[in-house]
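Below is one structure, written out as structure tokens; the observations come after it.
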Amino acid sequence: MIARLFAMFAALSLLAGCGDPFPDFHYKMTIYARGKAFSSVRGVEQREVSSMVDSAGVRVERILTGEAVILELDGRTYYALLTKPDNAEYATLIPGAALAPLIPEPTSKSEVAEAVGEVREVRQRAGDPGYYLDDMAARSRAMTEVEGAKDLPRRLPVRNGKPAFEAWPMFVTFGDPADPKTVREVSPDVIGVERITIEITKEETTTGIASRLDWYSDYKDRRLDGSSQIMQDLQTTDIRNWLTSAAFTTR
């Protein structure tokens, strides 16, 4: 693992000043419930973009392609969503929750840290504001080299100043699949979810979920309660008021 990490930092050095060092990748989320496995493959495109609101003048933009995980159990369909009420980018960020802890931490005296420093210096001299993100880019590349399926903890502890939070996706089902207003949240315990894994893969992204949702095309610009996406009620606990088709698929 360490040797591969060194190689990735070398590749990052070559990319500095001549391309975007943040890798695009595909990952598979697999949900195990009642002895069965259900999965979905998503793609994440990453790139450095200029930013007027970030102090460094640059930030990482992540674009997701993919769909919710569909679970068929006991004659009912459940969906493990791409988003959460307080986290619209859940599906783009959650791979790191399972894989980032497996990346060795560089130290100031390590060859890894020296490589990052060299990249930063080259980009800084070239006037490229992206040097500010080189540590993040290097760790992102290392993350995409983690091999095999890794367990996604149900709850992540406090880390790097970030509060603890539920790492598993939000699950919903419909009383009437043809009526989006019948959506309701379901606990993973009720569904029988045993474990969830994340794996970097070269498989194609999953498609086809829109054909299962008869209402999908009519709700691209509306929330599932029928209101426009502009009119979210921040005081309500009704999930229909924040859920949109983007929670099920990006297509």
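With 25 Å as the limit, write out which pairs from LYS36/LYS150; LYS36/LYS181; LYS36/LYS220 have Cα-Cα distances beyond it, or answer none.
Pairs exceeding 25 Å: LYS36/LYS181; LYS36/LYS220.
Check LEU243: other-chain or 5+ apart residues with amide H under 5 Å from its amide H, H built from backbone geometry?
For LEU243, the qualifying residues are LEU224.
Could you give the length gained by full extension between THR236 and ARG34, i.e. 0.36 nm per residue of separation minus their alpha carbon distance, to one decimal place?
Net length gain for the segment: 69.4 nm.
Would you mind counting up the charge near GLU67? Only other residues with Cβ under 15 Å from its Cβ, with Lys and Arg at +1 and Asp and Glu at -1.
Residues close to GLU67 contribute a combined charge of +2.
Only the coordinates and a few stated rules stand behind these numbers; no lab work does. None of the values given here were measured: they were computed from a predicted structure. As a convention, Cβ positions derive from the backbone with ideal geometry for all residues, glycine included, and neighbour counts pool all protein chains shown.
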